[in-house]
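Colleague: Supplied in structure tokens, the structure appears directly below.
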Amino acid sequence: MAKCFSFAATQDSCYRYSFTRAGLKSSTTDLGDGTIMHCWIPKRHNPSRPTLLLIHGFGANAMWQFNGLIPQFMPRFNVYVPDLLFFGESYTTRAERSESFQAQCVMSLMEAQKVTKMDVFGLSYGGFVAYSMAAQFKERVRRVALGCAGVCFEEKDVGEGGVFKVVTSIEEAAKVLIPQTPEKARQLVRLSFYKPPPSMPSCFLQDFIEVMCTEFRQEKEELIQALHKDRKMSDLPKITQPTLIIWGEHDQVFPLELAHRLERHISDNAELVIIKNVGHALNAERPKELYKHLKSFFIDNHPLSKQARHGNGTKSD
């Protein structure tokens, strides 16, 4: 019997309606060379407002990850929400899989929209892309916020003796981040949430997998492999923009050690905020706390002051 109802597809339609109602519209841009970028853009770009770019991580498309933030930021920013390559409606026929190439494609998309300067918030994998944008396009990226983005991890961190205690190989990481069975989806939720939902019926998880995790599966695995291969701190540029680093105290995807490592790497331009009693999925588990810190940084122009931090160099909530 054919399946007549999909929870994931219905939820996706609800998010699409929510984005449209908030004042965004769906836009697709052909960058040439076989690369198509999809983005939610303002129905009317207000030149008197700054631009805020929200870059999603692994999982579902951008709507699922930023739906809670859109109504908060729309009154003050021109908000742009792209789907990264191989998520949502974005794809390329080119062979590049690095976060550097993703960053170049996002910036080309913004150029096509005639946006010259922007603030950027990147969540998890999106933080890798946001960091690369800040490094490559110093004059165009004003401020950067990074949510649980382990850009400072090295290839040697994965495996025996590394900082990753739960997932110990890049192959296992790919199986969890791109789940193909309900059990792998449960494992992803348990890794991402400090307090995971008590019940996760297999029928809902399988439906989500079929709608969100089957397309571009091989390409997404290659994105993960590209993050890991030959990754060394010595190759990571030091960005100079004011940078907010937000991390969950109990993050099991990118352990907290990587947050401190990143703060030390960026040094004086970075502020680290550690949110207590939360895991990797800040946007889903503690959206109000996440927005509070993003508002302080992007809207209230909270100064990056060493004196404002606690004794260990972090600000904790």
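The values are calculated or read from the model by the stated rules, or taken from the named source; none is laboratory data. All values derive from a computational prediction rather than experimental measurement. Glycine gets a Cβ as well: all are built from the backbone with ideal geometry, and neighbour counts include every protein chain shown. Calculation scope for accessible area: heavy atoms of the full protein, side chains included, ligands and nucleic acids excluded. Shrake-Rupley method; radii C 1.70, N 1.55, O 1.52, S 1.80 Å.
Colleague: Do any strands (runs of 3 or more DSSP E) lying entirely in the stretch 1-60 carry at least 2 residues that are under 18 Å from the mean Cα position of the chain (by Cα) and either at negative phi or surrounded by fewer than 15 Cβ atoms within 10 Å (Cβ to Cβ) (or both), and which ones are they?
Modeller: Output list reads 35-42, 51-55.
Colleague: Across the stretch 108-122, what is the number of residues that are touching a helix residue (DSSP H, G or I) at 6+ places or on another chain (Cβ under 6 Å) and surrounded by fewer than 24 Cβ atoms within 10 Å (Cβ to Cβ)?
Modeller: Adding up the residues that qualify gives 1.
Colleague: Here's another thing I want to ask about it. Count, please, the residues in the stretch 5-30 that happen to be farther than 24 Å from residue 214 by Cα and of a type in the set (Val, Ile, Thr).
Modeller: Summing the residues that are farther than 24 Å from residue 214 by Cα and of a type in the set (Val, Ile, Thr) in the stretch 5-30 gives 1.
Colleague: Could you check the stretch 193-236 and list, in sequence order, the residues that are among the hydroxyl-bearing types (Ser, Thr, Tyr) and either touching a strand residue (DSSP E or B) at 6+ places or on another chain (Cβ under 9 Å) or touching a residue at least 60 places away in the same chain (Cβ under 8 Å) (or both)?
Modeller: 194
Colleague: Of the conditions (1) assigned to a helix (DSSP H, G or I); (2) more than 28 Å from residue 208 (Cβ to Cβ); (3) without any contact (Cβ under 8 Å) to a residue 60 or more places away in the chain; (4) open to solvent by 10 Å² or more (accessible area, probe 1.4 Å), residue 95 satisfies every one except a single condition; which number is it?
Modeller: Of (1) assigned to a helix (DSSP H, G or I); (2) more than 28 Å from residue 208 (Cβ to Cβ); (3) without any contact (Cβ under 8 Å) to a residue 60 or more places away in the chain; (4) open to solvent by 10 Å² or more (accessible area, probe 1.4 Å), only one is false for residue 95: (1).
Colleague: Take the residues in the stretch 266-286 that are touching a Leu at 6+ places or on another chain (Cβ under 7 Å) and assigned to a helix (DSSP H, G or I); name whichever of them is most open to solvent (accessible area, probe 1.4 Å).
Modeller: Looking at the filtered set, the residue picked out is 269.
Colleague: So which of 122, 127, 68 ends up being within 18 Å of residue 23 (Cα to Cα), small (Gly, Ala, Ser) and touching a residue at least 12 places away in the same chain (Cβ under 8 Å)?
Modeller: That would be 68, the only listed residue that is within 18 Å of residue 23 (Cα to Cα), small (Gly, Ala, Ser) and touching a residue at least 12 places away in the same chain (Cβ under 8 Å).
Colleague: May I pose another question? Taking the stated definitions as given, is residue 171 out of contact with any His (no Cβ under 8 Å at 6 or more places or on another chain), surrounded by fewer than 24 Cβ atoms within 10 Å (Cβ to Cβ), under 14 Å from residue 228 (Cβ atoms) and free of Cβ contacts under 8 Å to residues at least 60 places away in the same chain?
Modeller: For residue 171, the condition - out of contact with any His (no Cβ under 8 Å at 6 or more places or on another chain), surrounded by fewer than 24 Cβ atoms within 10 Å (Cβ to Cβ), under 14 Å from residue 228 (Cβ atoms) and free of Cβ contacts under 8 Å to residues at least 60 places away in the same chain - is met.
Colleague: While we're here: Can you confirm whether the stretch 256-264 contains a residue that is over 16 Å from residue 124 (Cα atoms), buried (at least 18 other Cβ atoms within 10 Å of the Cβ), touching a residue at least 24 places away in the same chain (Cβ under 8 Å) and out of contact with any strand residue (DSSP E or B) (no Cβ under 6 Å at 6 or more places or on another chain)?
Modeller: no
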